[in-house]
Amino acid sequence: MLTRHRRQALLACTTTLAISVATVAFAQSATTQAKPEEKKAEETKKGETYLSPIVAKGSRTADPYAKAGPVSVVTSDQIDLQSGLETDDLLRGVPGTSTANNPQNPGVAVNIRGFEGSGRVNMMIDGVRQNFRFTGHEAQGFAYFDPAFLSEIDVTRGAVTGVGGGALAGAVNFKTYDVEDLIQDGKNYGGIASATYGSNEAGWSESLIGAYRFNDVFSVLGGISKADPGNYDNGNGVKVPFTEEDLLSGLLKFEVTPDKDHTFKLTGITYDNDFFANSYFQNVKNETVSASYSYTPDNELIDFKANAYWNRLRMKYDANITGGGSAAGRRITDTGKGFDISNTSLFDLGDVSVKANYGVEYFRDDYDVINSAARPAGGVNGSGTNATTGVFSNTTFTYGIVDLTAGLRWDHFSLDGSGAVSAGNPIGLPAGPYTVDKSDGRLNPSVTVALNPTDWFQPYVTYAETSRSPTVNETFAGGSHPGGFQMFFPNPFLEPELSKGWEIGANFTFDGLLDPSDSLRLKANYFHNRIDNYITAALRNGGSQVFFVNNPGKSTVQGFELQAAYDAGYVFGDLAYTYTESDLPSQVNGFGVQSYLPDNIISATLGARFLEDQRLTVGTRLYAVSNAFVGEINRTPPNVPGYGLVDLFANYKFENGFEVTATVTNLFDKTYTPSSSTIAGSTIDTGRGRTFLVTAKAKF
C-alpha cells in the first residue's frame, strides 16, 4: 500500500453579483404580494407539496414528477435500500442514463442519451464541476468520489439553462451528506456508522459520518471511509484481473447560520485511491474545497445564492505489470476553479405570475501533463487551459393553466496552450511548434410550454439549443502510441458541437388509485436532437494517423423515456424504460470509448414492507438491455449481446436505530459484459458474478 499524504487547500474567495438594476427596478414596480391561492399555486410549482416515499423522500430537490422536463432523483432511501450496488448500477436505473464503465477504473463516466465524455455531460460533486479528462483506452473524463458519502444523485437530461449548464446533453450532481441529513428529531447531533462485507472479493468497506450542532449558529460534519475490494469473478468463475482498489476518503463541512436569512457553508472533500487501469498501476487524488452563501430574506424578489470552489485531481501512473512501461511516471493534473452567482425573483405582472432565475457562472481548468518520466512531452495528452463564462436567465410566466418558460444562456469559452507537430501531419499545420489561443461564444435559447389542466396531468413541449466547446485533450493530442505504429496529431481548428432539439412529455400524479393511501407518479417523454460538428477520432493512412475532427453533416439522436413510481406503504415499486435511436458517428476505441446506448433498456424495482412499523423490507431489482451497437470501426460484428440481471435485497430496522441490509447481486450468476463497458485488451466477460453483501448500519 502506498503512503497516504494529506494536503490542505486555501479557500477560494466568494464573489458577489451586481444584480441587474433594470430587472430589479422592473420587478419592484410590479405587484409582489400574491393572493393566498396564487401563493399556494407557486409553492406547488416549487415542489413543496407531495414527496413520494419511494421517489423523493428526504430529497433536497423538488419532486421530479412536478417538473416539466426530464429530471430524475436517486434518493438516499434508494441508495440505502440497494446497498452493495455500484454507483454505475444506480445511474443505469435512471431513464436515458448509463455509464462508460471500466471495472478496473473506479471513476464514474456518465452517459446521457448516448453522449459521453469531454464535457458532453456536466458531472458535479456538490455543485463542483469535475472536468478531469484524458485520452486513452478509457472514457474521456471521470468523476472520482466515495459512494459512502453519497446522499442523493440528481440527473437532468437535455438542456440545462441555469447553474450547472454549458453542456451538450445534461448534468449530474452527486450530493454528499449535509448536516440536516444527519441531525433530526430536535437533537443536536446525528450520524451514521456503516460496515459492509461482501463475497466474490467485494471484501470490507467501512464508513463513519457524524454531525454536531453547537448552537443555532454553528454546525459541523465530518466523515471518513475506507474500502479495499479485490479481483472479482465473472459469471463463469473467471477472475476479472486488476479490479481491486484501495480507497481512503474524508469529508468535512462547516455550516454557519447567523440568522434565518443568511447561511454560510464550507466543504472539504479528499479522495485517495490506488488501482490498476489502462495497463498501469495508478493513484488518483481528488481534493475539493468549496464555499457557499445564501441570502433568503422575507422578500419575494430575493433568493440569492453564491458558490465558489477549487478542485484538483491528479492521476499518477506507476509501472505496468512488468515493472516498466513507456508511460510510467505519467502525471495528469487538472486544477479547476469556478464560481456561480444567481438570484430568483417572484412577482406579478397583472394576472401573470412570474418566476425569474438569473445569474452568471465561470469555471476554468488548467491541465498540466507529464506523459511519462522518459518522454514528458511524448504522449497523447497535452497541457493547456479551458475556461467558460456563462450568463443565464430562466423565466416562467404563469397565466391560468399555462406555464411559459423562456431561457437564454450565453456561453463564452477560451482555449489556450501550445505544442509541437511533426511533418506530414494530416491537418495542414506547418511542422514544428504551434500555439493556440482561441475563444468564441454562443447564445443558446430554450422555451417550454406546460399546461396544468388538472391536478394529475401536466403535458409540456420544449425546444432547446445547447453547445460544447472543444477540450484541451481533443485540441492538443500528440505523440505516438507505444510501439510507434500510430502517430497522434493535434487539431486547433475544431469547432464547438451544437445540438438543437425538441421534446414532448407529460407528468401524471395519482393518489388513492388502488388504495386510499397509495400514490402513483409517472413521467414520459419523447426527444429528438440534431447535432452539428460532432467530434470523434479520425483514422488516416490505414489507421497510422489519428486525430480528432468535426464530423460533417448532422447526426440525429431520438428516443423515448419513461419513469414511474408506485407506493402503497406495504408494497412499492419503480420502473425506468429507455428507447434510443442514434446515428452518431462511431468513436474510435482507444481514443475514448464507444458511447451508443442499447436500443432498449429496462430497470424495475419491486418490494414489500412487513411487520410492525414496516420494519422489514424485501424486494428485487430487475435490469435488462437489448443488443448494443458499438460501431463497425471497433468490432466485427459491430454489436454486443444484451443481457438480463436479477438482484435481491432485504432490510430490517431495529428500534434503536440499528439496521441490517442483505443483498444478492446477479442472483443467477449471469455471464455478461455491461453495456458501454470496456477493458483494453480484455477477452473475457467483465460483469461481476453472483455476490452476497451484508451491511450493518447504526444511525445515532
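The values are calculated or read from the model by the stated rules, or taken from the named source; none is laboratory data. Since this is a predicted model, take the numbers as computed values, not measurements. Using ideal geometry, Cβ is built from the backbone for each residue, glycine included, and neighbour counts are taken over all protein chains shown. Areas reflect the complete protein model, heavy atoms only, side chains present, ligands, DNA and RNA absent. Shrake-Rupley method; radii C 1.70, N 1.55, O 1.52, S 1.80 Å.
Tabulated values for the structure
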quantity	calculated
Hits in the range 428-453 (condition: open to solvent by less than 60 Å² (accessible area, probe 1.4 Å) and over 33 Å from the mean Cα position of the chain (by Cα))	Leu429, Gly432, Tyr434
Members of the range 329-357 that are open to solvent by less than 20 Å² (accessible area, probe 1.4 Å), out of contact with any Ser or Thr (no Cβ under 8 Å at 6 or more places or on another chain) and not small (Gly, Ala, Ser)	Ile332, Asp334, Asp340, Asn343
Scope the range 133-167; condition open to solvent by 20 Å² or more (accessible area, probe 1.4 Å), in contact with a Phe, Trp or Tyr (Cβ under 9 Å, 6 or more places away or on another chain) and part of a strand (DSSP E or B); matching residues	Asp154
Hits in the range 394-410 - residues which are among the charged types (D, E, K, R) and either more than 19 Å from Leu443 (Cβ to Cβ) or open to solvent by 20 Å² or more (accessible area, probe 1.4 Å) (or both)	Asp403
Extreme residue, nearest to Ser446 (Cα to Cα), among residues of the range 168-212 that are hydroxyl-bearing (Ser, Thr, Tyr) and in a loop (DSSP other than H, G, I, E, B)	Tyr177
Those residues of the range 224-246 which are in contact (Cβ under 8 Å) with a residue 60 or more places away in the chain and open to solvent by less than 30 Å² (accessible area, probe 1.4 Å), in sequence order	Ser225, Ala227, Tyr232, Asn234, Gly235, Val240, Thr243, Asp246
Close pairs from the range 645-663: first without any contact (Cβ under 8 Å) to a residue 60 or more places away in the chain, partner open to solvent by less than 30 Å² (accessible area, probe 1.4 Å) and outside any strand (DSSP E or B), Cβ under 6 Å, at least 6 apart	Leu645/Asn666
Residues of the range 642-661 satisfying the condition of being outside any strand (DSSP E or B) and in contact with a Phe, Trp or Tyr (Cβ under 8 Å, 6 or more places away or on another chain)	Gly657
The range 466-507, residues that are surrounded by fewer than 16 Cβ atoms within 10 Å (Cβ to Cβ) and closer than 20 Å to Gly158 by Cβ	Trp502, Ile504
Set Leu221, Leu208: member being over 28 Å from Asn105 (Cα atoms), under 25 Å from the mean Cα position of the chain (by Cα) and buried (at least 16 other Cβ atoms within 10 Å of the Cβ)	Leu221
Residue match in the range 407-424 (condition: outside any strand (DSSP E or B), among the hydroxyl-bearing types (Ser, Thr, Tyr) and either modelled with pLDDT of 95 or more or over 19 Å from Ala167 (Cβ atoms) (or both))	yes
The range 655-700, residues that are more than 17 Å from Thr620 (Cβ to Cβ), open to solvent by 70 Å² or more (accessible area, probe 1.4 Å), modelled with pLDDT of 95 or more and not β-branched (Val, Ile, Thr)	Phe658
Residue list for the range 358-382, restricted to those being assigned to a strand (DSSP E or B) and buried (at least 20 other Cβ atoms within 10 Å of the Cβ)	Tyr358, Gly359, Glu361, Phe363, Asp365, Tyr367, Val369
Some residue of the range 312-328 being farther than 28 Å from Ser118 by Cβ, of a type outside the set (Asp, Glu), crowded, with 19+ Cβ neighbours inside 10 Å and at pLDDT 95 or above	no
Among (1) small (Gly, Ala, Ser); (2) more than 25 Å from Asp685 (Cβ to Cβ); (3) in contact with a Gly (Cβ under 8 Å, 6 or more places away or on another chain) - the single one Ser219 does not satisfy	(3)
Boolean, Val256 is touching a strand residue (DSSP E or B) at 6+ places or on another chain (Cβ under 6 Å) and buried (at least 21 other Cβ atoms within 10 Å of the Cβ)	no
Check on Ser582, closer than 30 Å to Asn473 by Cβ, in contact with a Gly (Cβ under 8 Å, 6 or more places away or on another chain) and surrounded by 19 or more Cβ atoms within 10 Å (Cβ to Cβ)	yes
The range 144-162: number of residues that are in contact with a Ser or Thr (Cβ under 6 Å, 6 or more places away or on another chain) and either at pLDDT below 95 or among the small types (Gly, Ala, Ser) (or both)	4
Pick from the range 519-554, criterion touching a residue at least 40 places away in the same chain (Cβ under 8 Å) and not in a strand (DSSP E or B), ranking: nearest to Phe493 (Cα to Cα)	Tyr534
